Amino acid sequence: MLLDQYQIIEVRTAADEDCDTNILVIYTGGTIGMDYAADGKHLIPFDFQALLEKVPELMRFQFRLTLLVPFEPLDSSNMGIDHWLSLGWLIEEVYHQYDGFVVLHGTDTMAYSASALSFLLQNLDKPIIFTGAQIPISANRTDARENLISALEIASHKTGNSATVSEVCIFFDNLLLRGNRARKVQSLDFTAFESENYPHLAEAGIFINFNKNVFLERTTKPFVFHSAMENSVLNWKIFPSMKPHFFEKMLDCEGIKGVVLESFGSGNIPTESWLLKLLQKLVDRKILIFNVSQCAGGKVLQGHYETSQPLDDLGVVSGRDITPEAAITKMMHLLAMEKDYSLLQARLATPIAGEMSEN
């Protein structure tokens, strides 16, 4: 792919000719890039040519800033594998031209996209920061400007000659979170995202305070883009009094390769015979099963209670403290990378990009 295929805007900042820091902003859509139509009621895509008019603070930055639109902006509810791969291809193509990346994205599926990119783009030595807004950037009272400005500051921040942050993150409402540990928890507050099972990577107050002891360990391995994902995955949320017939039909479909099982509490399920038989049937078909808790915090302790012991006996993989969003995208990634069932189980149980605890 060539950069001239994209809509590119060079933003005028205070960077001089000797500036050696370049940041790329990738706009995919979402509320942050919306403006009010002439009727003052409906939201329409914002013309990013006028970005400085909306966020004049950008002119003060001491780094070069480029804005790129990789595809027709869309509501994040319509994001999927094709878009994640497009972002991956783009970042791989320009990876060595920029010191950091900020991805403007709708909030609804931001945690899925950040998780997916954390698996597709590995051995990072620079930041990929997702951010967005609950209120459009054109509104008088908006969170978009603060989120964008702080995300840019973090993306451009260096410790010595190296980027301070070198992983896929979400920045929202003054918090920098590991992308594959974050979940959307609010639709009506500015505090849209949280990572219940992992500390914040940074907090933006008067200063940006980095919590470097929880960063991913840096690697000297070369950056790599894994350019495939497999979508033959189901998400099965357990609930009381499930009707067997519905799920027997659903899980009998041909082509299923993996199931993310959202269980109760610390990994528990009803021990009704029909359910255990159905899980056994999936295992016999060598369909991966990944046990993830429905709780926002805590972790799966498979085998700790009698109601999760059958899962352990069946060889179901414990997701420990992984989020459902990271579990789904991790399974999509691994199913495209590996065909051997035993190796898939082992790799599913092993952290790839800090998405789950070691044990």
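The values are calculated or read from the model by the stated rules, or taken from the named source; none is laboratory data. What you see is a predicted model, and the numbers here were worked out from it, not measured in a lab. All Cβ positions, even for glycine, are placed from backbone atoms using ideal geometry, and neighbour counts span all protein chains on display.
Counting only residues that are crowded, with 24+ Cβ neighbours inside 10 Å and under 11 Å from residue 173 (Cα atoms), how many does segment 116-142 have?
The number of residues fulfilling the criteria is 3.
Say we look at segment 316-359 and pick out the residues that are in contact with a helix residue (DSSP H, G or I) (Cβ under 9 Å, 6 or more places away or on another chain) and of a type in the set (Gly, Ala, Ser); which of these is surrounded by the most Cβ atoms within 10 Å (Cβ to Cβ)?
If we take residues in segment 316-359 being in contact with a helix residue (DSSP H, G or I) (Cβ under 9 Å, 6 or more places away or on another chain) and of a type in the set (Gly, Ala, Ser), then 326 is surrounded by the most Cβ atoms within 10 Å (Cβ to Cβ).
Which is touching a His at 6+ places or on another chain (Cβ under 6 Å) and within 20 Å of residue 297 (Cα to Cα), of 175, 201?
175
State whether the residues of segment 127-134 include one that is in the same structural domain as residue 32 (by TED's automatic domain parsing) and in a helix (DSSP H, G or I).
No, segment 127-134 contains no residue that is in the same structural domain as residue 32 (by TED's automatic domain parsing) and in a helix (DSSP H, G or I).
Residue check: is residue 145 surrounded by fewer than 21 Cβ atoms within 10 Å (Cβ to Cβ), without any contact (Cβ under 8 Å) to a residue 24 or more places away in the chain, basic (Lys, Arg) and under 28 Å from residue 37 (Cα atoms)?
Considered against the rule, which asks whether it is surrounded by fewer than 21 Cβ atoms within 10 Å (Cβ to Cβ), without any contact (Cβ under 8 Å) to a residue 24 or more places away in the chain, basic (Lys, Arg) and under 28 Å from residue 37 (Cα atoms), residue 145 comes out as no.
Among the residues of segment 191-230 satisfying the criterion of being of a type in the set (Val, Ile, Thr) and more than 13 Å from residue 171 (Cα to Cα), which is farthest from the chain's Cα centre (by Cα)?
Looking at the filtered set, the residue picked out is 206.
Could you give me the residue pairs with C-beta distances under 6 Å whose first residue belongs to segment 169-188 and is in the same structural domain as residue 147 (by TED's automatic domain parsing), whose second residue is part of a loop (DSSP other than H, G, I, E, B) and among the aromatic types (Phe, Trp, Tyr) wherever it lies, and which are 6+ apart or on separate chains?
Partner pairs satisfying both residue conditions: 173/190; 178/198; 181/198.
Of 224, 185, which residue is closer than 17 Å to residue 323 by Cα and surrounded by fewer than 19 Cβ atoms within 10 Å (Cβ to Cβ)?
Details: 224 fails: closer than 17 Å to residue 323 by Cα.
The match here is 185.
Condition check: modelled with pLDDT of 90 or more, surrounded by 12 or more Cβ atoms within 10 Å (Cβ to Cβ), of a type outside the set (A, V, I, L, M) and closer than 20 Å to residue 152 by Cα. Does residue 31 satisfy that?
Against the criterion (modelled with pLDDT of 90 or more, surrounded by 12 or more Cβ atoms within 10 Å (Cβ to Cβ), of a type outside the set (A, V, I, L, M) and closer than 20 Å to residue 152 by Cα), residue 31 does not qualify.
From 64, 60, grab the single residue that is in the same structural domain as residue 119 (by TED's automatic domain parsing), at pLDDT 90 or above, surrounded by fewer than 16 Cβ atoms within 10 Å (Cβ to Cβ) and not β-branched (Val, Ile, Thr). Step through it out loud before you land on a result.
On the way: 64 fails: surrounded by fewer than 16 Cβ atoms within 10 Å (Cβ to Cβ).
Exactly one of 64, 60 is in the same structural domain as residue 119 (by TED's automatic domain parsing), at pLDDT 90 or above, surrounded by fewer than 16 Cβ atoms within 10 Å (Cβ to Cβ) and not β-branched (Val, Ile, Thr), namely 60.
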